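> Just passing along the structure, written as structure tokens.
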Amino acid sequence: MAVKHSILVVDDDKAHRTMLKTLVGGWGYAIHEADDGSGAVDAVSERPFDLILMDIRMLNVSGIEALDRIKQLNPAIPVVLMTAYSSVETAVEALKKGAYDYLTKPLDFEKLRLTIHRAMEHTRLKAENRQLKADLTDRFQRHRIIGQSPAMVRLLDTVAQVAPSEATVLICGESGTGKELIAGALHYNSSRKNGPFIKINCAAITETLLESELFGHERGAFTGADRRKDGRFLQADGGSLFLDEISEMPLTMQAKLLRVLQERELTRVGGDAVIPVDVRVMAATNADLHKRVRQGEFREDLYYRLNVVALELPPLRARREDIVLLAQHFADRLAAKNRKHIKGFTPQAVNALTHYDWPGNVRELINVTERAIVLSRGAYLDLADLPLDFETAAPATPEAAGEALLTGQIPLDEVEKAAILKTLQAARGNKSEAARRLGITRKTLHKKLKKYGVMP
Ligand SMILES: Nc1ncnc2c1ncn2[C@@H]1O[C@H](COP(=O)(O)OP(=O)(O)OP(=O)(O)O)[C@@H](O)[C@H]1O
Ligand SMILES: [Mg+2]
């Protein structure tokens, strides 16, 4: 079943409102009501609507005032105003302020129906347009790598330098730091860019299948091999092969891979023809490969063969300058995808994003941003739209605490409590250390923890 479009009807004349509710509801829209301008503003700050139908002349907060505030909260919702014939000038003024259209009272019902329909269509087209644009940018900027931190700038310099060479590259870094993105950048900035870019995840394939997956097999090589098949190496001929999670490759396969890298030729499983291959290899790992070598789990000779050039992707928490840039970039793209109108982040959200530790790195940032977009009700993504851990991520600096106090967001007690808990967390639960950092005695700390109900 299609989701009904929602319309907020705002009118302080109850009879007129009820009439509209019955009429417009009968056309298949879900109707919500507000009995004056401030009720409308409250409703919009709580949830999005597809359209607002609002009387101009209302007792408390007028339609014009409400329009201003609604446009600030959610500029994407079309607002249709209703006005008596005598105040058409005000209505024209309202159009300048961003109202979608106005209708004069008494209402011409057919005109009302068409106006609503047209406004909905307008929103849909605008959203589609945004999506198309985002797709287009996506296609052309698939390899756009965001980052202005010194660490990223240095890394991208190296990428630009190494890309055109034929060197094998080992890309190391925590999960979600952008290893695959960098591999793509290396390929698409090399002379092989018109050749294939083939990926294989060594951890996702069982040992027995991996060999045939990489080198292919002859017909009848094993049960189920009913025809000859090329492996990823041959598929990547003339291009690049990205070996993801290389640390998980079994030792026997490591030996076979090494041979192919050295000889630049391979044989399919179950065959004996020697086939030359022209492939540039890039490998990625989030493990400490050198340690694996010392532990005898990874072949030293293969390690040096792969590690001709090593690229180390820094974790996000080591380049905090990039966090907001990335968040803004993904907010723009994901807002279009989710058909939302998002202008940015509130200062509180920015503060929390910048101080969070990001164990899942850029991938986690993408997920957190998308979640916030889905949950958000206004034009700005707020702290409340982030997962709970972010509330504690915002630092209890005197400035931040002072700000919060000034704006009446938090009572003084809460600031102290937050500062204490945050410090205790940072000190990994060590109370003496936390007391030292807070500049109070251990005894005072105990007293306060008791007061805040943190300790019995
Ligand atoms: N600097 C960046 N600029 C733009 N997008 C990025 C950046 N770094 C990572 N991403 C995006 O973050 C996501 C995760 O990146 P990627 O898949 O390359 O990480 P990974 O290091 O390969 O992770 P894993 O080890 O979990 O496979 C992708 O959607 C990627 O496009
Ligand atoms: Mg990856």
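> Looking only at the stretch 289-321, which residues are open to solvent by less than 90 Å² (accessible area, probe 1.4 Å), of a type in the set (Phe, Trp, Tyr) and either assigned to a strand (DSSP E or B) or within 20 Å of SER165 (Cβ to Cβ) (or both)?
Result: TYR303, single match.
> When you look at GLY28, is it part of a loop (DSSP other than H, G, I, E, B), in the same structural domain as ALA119 (by TED's automatic domain parsing), open to solvent by 10 Å² or more (accessible area, probe 1.4 Å) and over 17 Å from ALA84 (Cα atoms), yes or no?
Considered against the rule, which asks whether it is part of a loop (DSSP other than H, G, I, E, B), in the same structural domain as ALA119 (by TED's automatic domain parsing), open to solvent by 10 Å² or more (accessible area, probe 1.4 Å) and over 17 Å from ALA84 (Cα atoms), GLY28 comes out as yes.
> Moving on. Got a sec? Which of VAL281, VAL324 is out of contact with any His (no Cβ under 6 Å at 6 or more places or on another chain), closer than 28 Å to SER165 by Cα and β-branched (Val, Ile, Thr)?
Every option except VAL281 fails the conditions.
> Same structure, new question: Could you please find all residues in the stretch 175-212 being more than 10 Å from ligand 1 (Cβ to nearest atom), surrounded by fewer than 19 Cβ atoms within 10 Å (Cβ to Cβ) and assigned to a helix (DSSP H, G or I)?
TYR188, GLU207, THR208, LEU209, listed by residue number.
> Now for a different question. Name the residue, out of ASP42, ASP35, ASP50, ASP55, that is surrounded by fewer than 17 Cβ atoms within 10 Å (Cβ to Cβ) and of a type in the set (Asp, Glu).
One residue alone meets the criteria, ASP42.
> From the list VAL9, VAL3, which residue is within 28 Å of LYS340 (Cβ to Cβ) and surrounded by 20 or more Cβ atoms within 10 Å (Cβ to Cβ)? Walk me through how you get there before you give the answer.
Working: VAL3 fails: surrounded by 20 or more Cβ atoms within 10 Å (Cβ to Cβ).
Going through VAL9, VAL3 in turn, just one is within 28 Å of LYS340 (Cβ to Cβ) and surrounded by 20 or more Cβ atoms within 10 Å (Cβ to Cβ): VAL9.
> Something else now. Tally time: how many residues in the stretch 335-361 are in a helix (DSSP H, G or I), open to solvent by 20 Å² or more (accessible area, probe 1.4 Å) and within 20 Å of ALA384 (Cα to Cα)?
6
> What's the number of the only condition in (1) within 16 Å of ligand 1 (Cβ to nearest atom); (2) aromatic (Phe, Trp, Tyr); (3) open to solvent by 70 Å² or more (accessible area, probe 1.4 Å) that PHE242 fails to meet?
(3)
> Next up: Which is touching a Lys or Arg at 6+ places or on another chain (Cβ under 7 Å) and more than 13 Å from ligand 1 (Cβ to nearest atom), of GLN295, GLN254, GLN235?
GLN254
For every residue, the table says whether it meets (1) within 16 Å of ligand 2 (Cβ to nearest atom); (2) within 33 Å of the chain's Cα centre (by Cα); (3) in contact (Cβ under 8 Å) with a residue 12 or more places away in the chain; (4) in the same structural domain as GLU263 (by TED's automatic domain parsing).
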site	(1), (2), (3), (4)
THR168	no, yes, yes, yes
LYS179	yes, yes, yes, yes
GLY184	yes, yes, yes, yes
PHE197	yes, yes, yes, yes
THR206	no, yes, no, yes
GLY220	no, no, yes, yes
ALA225	no, no, yes, yes
LYS229	no, no, yes, yes
GLY238	no, no, yes, yes
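> If you don't mind, there's one more thing I want to ask. Given (1) out of contact with any Asp or Glu (no Cβ under 7 Å at 6 or more places or on another chain); (2) part of a strand (DSSP E or B), where does ALA167 come up short, assuming only one miss?
Evaluating ALA167 over (1) out of contact with any Asp or Glu (no Cβ under 7 Å at 6 or more places or on another chain); (2) part of a strand (DSSP E or B) leaves (2) as the failure.
> Looking at (1) open to solvent by less than 80 Å² (accessible area, probe 1.4 Å); (2) more than 16 Å from ligand 2 (Cβ to nearest atom), which is the only condition GLN262 fails?
It fails just one condition, (1).
> Can you list residue pairs whose Cβ atoms sit under 9 Å apart, with the first residue in the stretch 428-449 being surrounded by fewer than 12 Cβ atoms within 10 Å (Cβ to Cβ) and the second being in a helix (DSSP H, G or I) and not aliphatic (A, V, I, L, M)? Count only pairs 6 or more apart in sequence or on different chains.
Final answer for the pair search is SER432/ARG442.
> Of the residues that sit in the stretch 63-91 and are without any contact (Cβ under 8 Å) to a residue 24 or more places away in the chain and open to solvent by 60 Å² or more (accessible area, probe 1.4 Å), which one is nearest to ILE342 (Cα to Cα)?
Checked the stretch 63-91; the qualifying residue nearest to ILE342 (Cα to Cα) is GLU89.
The values are calculated or read from the model by the stated rules, or taken from the named source; none is laboratory data. None of these values were measured; they are calculated from a predicted model. As a convention, Cβ positions derive from the backbone with ideal geometry for all residues, glycine included, and neighbour counts pool all protein chains shown. Note: accessible area is taken over every heavy atom of the protein model, side chains too, but ligands, DNA and RNA are not part of it. Shrake-Rupley method; radii C 1.70, N 1.55, O 1.52, S 1.80 Å.
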